[in-house]
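The values are calculated or read from the model by the stated rules, or taken from the named source; none is laboratory data. Since this is a predicted model, take the numbers as computed values, not measurements. In this analysis, Cβ positions are derived from the backbone assuming ideal geometry, glycine residues included, and neighbour counts consider all displayed protein chains. Ligands, DNA and RNA are stripped out before the accessible areas are found, and what is left, the full protein with its side chains, is counted by its heavy atoms. Shrake-Rupley method; radii C 1.70, N 1.55, O 1.52, S 1.80 Å.
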Amino acid sequence: MSSGISVPASQSQGQTLLAAIKQDHREIEAYWNKYQQASGDLDAQTRWANQLTWEIARHSIGEELVVYPLLEEAMGEKGHQMAEHDRADHQVVKNGLKKIESLKVGSAEFNQILSTIMSELMEHIKTEEEQDFPQLESAIGYEKSVNVAKSFERTKHFVPTRSHPSAPNKPPFETLAGLLAAPLDKLRDAFSKFPSEQEKQQATAGIHPIN
């Protein structure tokens, strides 16, 4: 699948930013599918709900830390408008994730809110993949896209594992608020259930690296 960037023949292949983001999007969709398939199995649904929430949280904050500031830097006012729209989308998702933290996994209310969250997220994903990020990659070029993709992936390893809708989502405050929250989140999640590595690999087996 093309990432929307023309790659010079003299440059070695590397994953572009759009490719890295698409990879995350496909994993999020896979975990949502596993949650739905586990209907009636509370233990499995709890593990997949935790995995889904964590992936959404770290992906969203990775975009807010790395990608949205780049949109504004590389594309001026148009990029600023895109970034603000994407931040607003993220806020809706974060607020929804915060609501379900206190609800019983698998309950009618939990499922209704999570379904709404995923519906909102799918529209957001479509806009990013088809409009925002292809335009960004055209503006920054292949080499910078690959470098930013590496930064995006590194950042996700240090972000909170829970949704923090009240944390600022613009630089420089998003960085400080997000990273300071991480240790507490990781401590809390040490007592949470997650799918095994084998289960995650099986869930994402059909997803191949995108370049």
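Residues of region 119-137 being under 21 Å from A30 (Cα atoms) and buried (at least 18 other Cβ atoms within 10 Å of the Cβ), which ones? Within region 119-137, L121, H124, I125, E128 meet the criteria. Going by the conditions given, is S115 open to solvent by 40 Å² or more (accessible area, probe 1.4 Å) and in contact (Cβ under 8 Å) with a residue 40 or more places away in the chain? Answer is no for this residue. Exactly one residue out of T46, T53 is open to solvent by 10 Å² or more (accessible area, probe 1.4 Å), under 23 Å from F152 (Cα atoms), in contact (Cβ under 8 Å) with a residue 24 or more places away in the chain and assigned to a helix (DSSP H, G or I), and it is T53.
Conditions tested, residue by residue: (1) within 17 Å of K22 (Cα to Cα); (2) part of a helix (DSSP H, G or I); (3) modelled with pLDDT of 90 or more; (4) of a type in the set (V, I, T).
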{"residue": "E64", "(1), (2), (3), (4)": "yes, yes, no, no"}
{"residue": "P69", "(1), (2), (3), (4)": "no, yes, yes, no"}
{"residue": "G76", "(1), (2), (3), (4)": "no, yes, yes, no"}
{"residue": "D86", "(1), (2), (3), (4)": "yes, yes, yes, no"}
{"residue": "K94", "(1), (2), (3), (4)": "no, yes, no, no"}
{"residue": "E109", "(1), (2), (3), (4)": "no, yes, yes, no"}
{"residue": "I117", "(1), (2), (3), (4)": "no, yes, yes, yes"}
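Take the residues of region 16-33 that are closer than 19 Å to L97 by Cβ and not hydrophobic (A, V, I, L, M, F, W, C): which is most open to solvent (accessible area, probe 1.4 Å)? Ranking the qualifying residues of region 16-33, first place goes to N33. For region 140-153, the criterion of being within 22 Å of Q51 (Cβ to Cβ), within 14 Å of the chain's Cα centre (by Cα), open to solvent by 30 Å² or more (accessible area, probe 1.4 Å) and at pLDDT 85 or above is met by at least one residue. Here Q13 fits the description: at pLDDT below 90 and surrounded by fewer than 16 Cβ atoms within 10 Å (Cβ to Cβ).
When restricted to residues that are surrounded by fewer than 19 Cβ atoms within 10 Å (Cβ to Cβ) and either touching a strand residue (DSSP E or B) at 6+ places or on another chain (Cβ under 6 Å) or β-branched (V, I, T) (or both), region 68-104 contains 1.
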